[in-house]
Amino acid sequence: MIGRSSPREREVLALLTIGLTNQQIALALNPRVSEATVKGYVHSAYMKLGVESRAQAAAWWIQYGGVQP
């Protein structure tokens, strides 16, 4: 998945992994990024990872993405 993901999706996954909400992620990325846009990135990441929850996505990212929360 990492190779197929965009840099923004990787940023979103990293921030999701440390427990930020979609709103907090939007603010952390750029004030012009909407919460709805972040939700789209999260959904896209779920589809690429084959997961159904934030917890599963975070666990995957910690194991394979090299991010330590």
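Values quoted throughout were computed directly from the atomic coordinates according to the rules given, and no laboratory measurement underlies them. All of these numbers come straight from a predicted model, not from anything done at the bench. Please note: Cβ atoms are built from the backbone with ideal geometry, for glycine as well, and neighbour counts cover all protein chains shown.
See the values below:
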| quantity | calculated |
| --- | --- |
| Förster-model FRET efficiency, 25 Å R0, residue 6 and residue 52, C-beta, rounded to 0.05 | 0.75 |
| With 5 Å bins from 0: P(r) over the stretch 2-65, alpha-carbon pairs, percent | 3, 21, 35, 26, 12, 3, 0 |
| Near-label residues of the stretch 10-35 by backbone N, under 19 Å of a point 7 Å along Cα→Cβ of residue 43 | 10-13, 16, 21-27, 33-35 |
| Taking the stretch 1-52 and dividing mean pair separation by its residue count, relative contact order in percent (alpha carbons under 8 Å, at least six apart) | 39 |
| Net length gained if the chain between residue 18 and residue 62 were fully extended (0.36 nm per residue, minus Cα distance) | 14.9 nm |
